[in-house]
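Chemist: For reference, the structure I am asking about is given below.
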Amino acid sequence: MGVNLPYSPKWYWPFEGYSGVPEMDRYFDRNQVFSRFMKTGKEILCLNNLLLEAIEKGGKYAFDISGPFLEQCQWDPGLISSFRQLGKSGSVEFTGSCYYHSLSALYPDLSWFKDEVLTHREKVRKLLGTIPETFVNTELLLSGRVESILAEMGYRCLIAEGSRNLLDGCDPGRVYENHLPTLLRHINLSEDLELRFSEKSWEGYPLIPEKFSDWIASIEGDVLTLYFNYTSLCFHQRKKSLIADFMRALPETLEKRGIEMLTPSEAVKRFKPSGLPTLGTEKTIRYGMNNAVGNHAQQLYLRELVRVGEELENVKGSPNYEKLKKLFGYLQQSEIFFTMNSGTNIREGYERAVNYFSIISDFRRAVIEEGA
């Protein structure tokens, strides 16, 4: 389950004659982030308590928690304590990820990617008391360039998107052979929980544990991987759905059908990997590569991040380097890319792109001034 509350950029225009090192509040509305966190954080705390009940009935889970969310937890330390309690149960695994929820695995130079992974691992160790063995790239990105690096860093399992270009429409029901043993998300069943659970117009409504367990039991293979945003459960709670009863009852319902819940690390240790040649040749990401970097603005922003990152490295060791580096991290968040692709609302995507380029241009000026 993914846990991430991004720092959304402001609608911004540079002030005439500006110079100096920008503060985070220049580009991001932290008051809005704080308000959203305080509301969602309370809901997540309730969900964590719910999972403790489910764990007593055989539930096992993995959490992919982003660096920005772990930072926000300083506003409510009880939330970190709650996650630590889940970890101590022995039935919850915390995964590694890119700290800033970025697409740095797509950069020509993977040094930013490595730095983010190490930063995230240290944050998880410090706050949650564990060193991750499973890796979940941003939005389940699979690029084919980073798996050997992750293996060298000590990771033993990878979770990625089970998209059609990898599986040709088949259900992902195996551990797959790669530089790291790889689990692929079952998109339809994951989105039944994430997107459709509360929709009364959906043909599967109401989704009860027995029905869902039967669907899982009908799929061939050794292991089925579900991944969805944890905050989607908060949404279903607000819709007055029965998601709490569903999550509480699911482990026992699965057990009655002979299905055991496992953490990712347990799954890759138990089952022998199967070959899947497309893992070495195809790229994939949640909702498709086209949605992330498919239009001109997204490609330009990606190239601009690469250029600014190179310029930032040239001022390494300068007085404001660490401050600029952290701010640069937030400018890499994947949500910035996704909001430049607004589907049929082309104008909104264009306006957001103009705004983001205004911000990155202003930030680049600060980097150049730092090295002057």
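The values are calculated or read from the model by the stated rules, or taken from the named source; none is laboratory data. None of these values were measured; they are calculated from a predicted model. Cβ: placed from backbone, ideal geometry, glycine included. Neighbour counts: every protein chain shown. Accessible surface is based on the protein model in full, side chains and every heavy atom, while ligands, DNA and RNA are left aside. Shrake-Rupley method; radii C 1.70, N 1.55, O 1.52, S 1.80 Å.
Chemist: Quickly run through segment 320-364 and pick out the residues that are open to solvent by less than 70 Å² (accessible area, probe 1.4 Å), in a helix (DSSP H, G or I) and under 20 Å from residue 289 (Cβ atoms).
Modeler: Correct list: 334, 335, 336, 337, 338, 339, 349, 352, 353, 356.
Chemist: A follow-up question, please. For residue 40, state whether it is among the β-branched types (Val, Ile, Thr), closer than 26 Å to residue 268 by Cα and within 17 Å of the chain's Cα centre (by Cα).
Modeler: So residue 40 does not fit the description; no.
Chemist: I'd like to check something: does segment 126-149 contain any residue that is at pLDDT 95 or above, open to solvent by 10 Å² or more (accessible area, probe 1.4 Å) and of a type in the set (Phe, Trp, Tyr)?
Modeler: No, segment 126-149 has no match at all.
Chemist: Of the residues 256, 269, 239, only one is at pLDDT 95 or above, surrounded by fewer than 17 Cβ atoms within 10 Å (Cβ to Cβ) and within 25 Å of the chain's Cα centre (by Cα); which?
Modeler: Of the residues listed, the single one that is at pLDDT 95 or above, surrounded by fewer than 17 Cβ atoms within 10 Å (Cβ to Cβ) and within 25 Å of the chain's Cα centre (by Cα) is 269.
Chemist: Name the pairs whose Cβ atoms lie under 9 Å apart, with the first residue in segment 90-110 and over 21 Å from residue 71 (Cβ atoms), the second at pLDDT below 95 and among the polar types (S, T, N, Q), and 6 or more positions between them or separate chains?
Modeler: Between residues of segment 90-110 that are over 21 Å from residue 71 (Cβ atoms) and residues that are at pLDDT below 95 and among the polar types (S, T, N, Q), the close pairs are 105/143; 106/143.
Chemist: So which residues in segment 306-319 are open to solvent by 50 Å² or more (accessible area, probe 1.4 Å), under 13 Å from residue 368 (Cβ atoms) and assigned to a loop (DSSP other than H, G, I, E, B), if there are any at all?
Modeler: Correct list: 314 only.
Chemist: Residues being among the polar types (S, T, N, Q) and farther than 18 Å from residue 61 by Cα: count how many of those fall in segment 118-167.
Modeler: 6
Chemist: Say whether the condition of being surrounded by 14 or more Cβ atoms within 10 Å (Cβ to Cβ), of a type in the set (Asp, Glu), within 23 Å of residue 237 (Cα to Cα) and touching a strand residue (DSSP E or B) at 6+ places or on another chain (Cβ under 6 Å) is met by at least one residue in segment 36-51.
Modeler: Checking segment 36-51: not a single residue is surrounded by 14 or more Cβ atoms within 10 Å (Cβ to Cβ), of a type in the set (Asp, Glu), within 23 Å of residue 237 (Cα to Cα) and touching a strand residue (DSSP E or B) at 6+ places or on another chain (Cβ under 6 Å).
Chemist: Follow-up question, since we're still on this one. Out of segment 7-62, which residues are more than 30 Å from residue 93 (Cβ to Cβ) and of a type in the set (Ser, Thr, Tyr)?
Modeler: 12, 18, 19, 27, 35
Chemist: For segment 77-88, which residues satisfy the criterion of being out of contact with any Asp or Glu (no Cβ under 9 Å at 6 or more places or on another chain) and either under 15 Å from residue 266 (Cβ atoms) or of a type in the set (A, V, I, L, M) (or both)?
Modeler: Hits for segment 77-88 are 79, 80, 86.
Results for (1) under 28 Å from residue 249 (Cβ atoms); (2) touching a Phe, Trp or Tyr at 6+ places or on another chain (Cβ under 6 Å); (3) not charged (D, E, K, R), shown as yes or no for each residue.
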residue	(1), (2), (3)
44	yes, no, yes
55	yes, no, yes
64	yes, no, no
88	yes, no, no
92	yes, yes, yes
104	no, yes, yes
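Chemist: Pairs, please: C-beta under 8 Å, at least 6 apart or cross-chain, first residue open to solvent by less than 30 Å² (accessible area, probe 1.4 Å) and in segment 208-223, second aromatic (Phe, Trp, Tyr)?
Modeler: What qualifies is 209/246; 212/246; 223/271.
Chemist: Could you grab me the full set of residues in segment 95-110 that are in contact with a strand residue (DSSP E or B) (Cβ under 6 Å, 6 or more places away or on another chain) and open to solvent by less than 10 Å² (accessible area, probe 1.4 Å)?
Modeler: 95, 96, 97
Chemist: Something else now. Does segment 20-35 include one or more residues that are closer than 30 Å to residue 247 by Cα and surrounded by 20 or more Cβ atoms within 10 Å (Cβ to Cβ)?
Modeler: no
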